[in-house]
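Here the structure comes first, spelled out in structure tokens, and everything after it is commentary.
The values are calculated or read from the model by the stated rules, or taken from the named source; none is laboratory data. As the structure is a prediction and not an experimental result, all values here were calculated from the model. Every residue, glycine as well, gets a Cβ built from its backbone with ideal geometry; the counts of neighbours run over all protein chains shown.
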Ligand code: NAD
């Protein structure tokens, strides 16, 4: 906006005047907190793109094929992302409807990339063709990593980890996309707890650059190294976090969402809550975000955080 303003004020009035206005505007912007914070964010981002979280001597096992369990909001997005990065993915759900919806979502996203000329037709067709749906575990045997994205319920997740342990190769990594449940509880249900890790994507999967990798007390260095390399290959900025309720991001995010809830309780209109957050610079308001995440998913996560950290 400042650049436009400089142009408007200097257009047709000579280069010297333009230069003076420009250097003055630059000087004003360069000393603001916004400028300093953006520079800090840039350097942090650069650092995290390269940071070595494990012993650099470990050669990560490459991921050539992926399994995915749960084709809901997150599963559909993860499947599309994997296809986009040319990784074949076998997607399992318990019903055909979910699989159909996930494939349609992925298809629409490839169409969108085609329209925006990010992909050519044959590329979009090829990538979409890498997604293969199923309601059994057939085709999971040779997956290098399986990502679990079923409902946020420990019993269901433990059952899935037990079932997966019986079908995947003993070398395969089992990763959970849980938002809040302890990774160690899922690891204990698996045959090789050292190969279980948290791999927490954010919604919408193809747009959010960050991914949390959660290391449980049992996760091995080899598993961690391979998961980090895989996450970077699919374009994500990695942070490795401890296995605590809410990990890092939801622990921060839910305090913020909770505060929005308190404001509603005190009688503030929801449009106003969202507007204030957007005016402050958030890409969307907290109420809209709760809606995007899914009120049901958010409620479950909030309950888990409450039991860990108390009613606050
Ligand atoms: P969702 O309800 O949209 O999808 C869950 C899917 O899992 C459904 O299609 C269901 O049919 C399927 N399913 C249930 N049991 C199954 C089983 N035994 N085998 C195979 N499929 C099974 O949920 P979601 O929003 O995609 O969330 C999935 C996971 O991702 C949760 O752990 C959630 O906490 C986490 N997560 C969600 C978000 C979000 O914004 N929604 C963000 C990050 C992480």
**Asked** How about the range 181-200: which of its residues are more than 17 Å from residue 92 (Cβ to Cβ), in a loop (DSSP other than H, G, I, E, B) and away from the ligand (no atom under 14 Å from the Cβ)?
**Response** 191, 192
**Message:** Pairs please, first residue from the range 243-255 and on the phi > 0 side of the Ramachandran plot, second anywhere and surrounded by 16 or more Cβ atoms within 10 Å (Cβ to Cβ) and modelled with pLDDT of 95 or more, Cβ atoms under 6 Å, 6+ apart in sequence or on different chains.
**Reply:** 247/212; 247/214; 247/241
**Asked** Which members of the range 253-283 meet the condition of being at pLDDT below 95 and part of a loop (DSSP other than H, G, I, E, B)?
**Response** 281, 282, 283
**Message:** If I filter the range 55-82 down to residues being buried (at least 24 other Cβ atoms within 10 Å of the Cβ) and without any contact (Cβ under 8 Å) to a residue 60 or more places away in the chain, which single residue comes out as farthest from the ligand (Cβ to nearest atom)?
**Reply:** 79
**Item:** Residues that are more than 10 Å from the ligand (Cβ to nearest atom) and outside any loop (DSSP other than H, G, I, E, B), drawn from the range 165-180
**Value:** 165, 166, 167, 173, 174, 175
**Prompt:** Pick from the range 273-298 the residues that are surrounded by 12 or more Cβ atoms within 10 Å (Cβ to Cβ) and without any contact (Cβ under 8 Å) to a residue 12 or more places away in the chain: which of them is farthest from residue 38 (Cα to Cα)?
**Reply:** 291
**Request:** Collect the residues in the range 162-180 that are under 16 Å from residue 94 (Cβ atoms) and touching a strand residue (DSSP E or B) at 6+ places or on another chain (Cβ under 6 Å), keeping them in residue-number order.
**Result:** 164
**Asked** Among the residues of the range 39-54, is there at least one that is modelled with pLDDT of 95 or more and within 16 Å of the ligand (Cβ to nearest atom)?
**Response** no
**Asked** Since residue 85 meets every condition but one in (1) in contact (Cβ under 8 Å) with a residue 60 or more places away in the chain; (2) more than 30 Å from residue 305 (Cβ to Cβ); (3) within 16 Å of the ligand (Cβ to nearest atom), which condition does it not meet?
**Response** (3)
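Of all residues in the range 201-219, which are assigned to a loop (DSSP other than H, G, I, E, B) and touching a residue at least 12 places away in the same chain (Cβ under 8 Å)?
201, 202, 203, 204, 205, 206, 209, 216, 217, 218, 219
Could you pull out the residue among 12, 18 that is loosely packed, with under 10 Cβ neighbours inside 10 Å, more than 21 Å from the chain's Cα centre (by Cα) and at pLDDT below 95? Give the derivation first.
Numbers: 18 fails: loosely packed, with under 10 Cβ neighbours inside 10 Å.
Going through 12, 18 in turn, just one is loosely packed, with under 10 Cβ neighbours inside 10 Å, more than 21 Å from the chain's Cα centre (by Cα) and at pLDDT below 95: 12.
Look through the range 138-160, keep the residues that are in contact (Cβ under 8 Å) with a residue 60 or more places away in the chain and surrounded by fewer than 19 Cβ atoms within 10 Å (Cβ to Cβ), and return whichever of them is farthest from the ligand (Cβ to nearest atom). Even if it seems obvious, please write down each step before you answer.
Start the filter on the range 138-160 by keeping residues that are in contact (Cβ under 8 Å) with a residue 60 or more places away in the chain, which leaves 139-140, 142-153, 160.
Checking which are surrounded by fewer than 19 Cβ atoms within 10 Å (Cβ to Cβ) leaves us with 139, 142, 151, 153.
Numbers: 139: 14, 142: 19, 151: 5, 153: 8 Å.
It comes out as 142.
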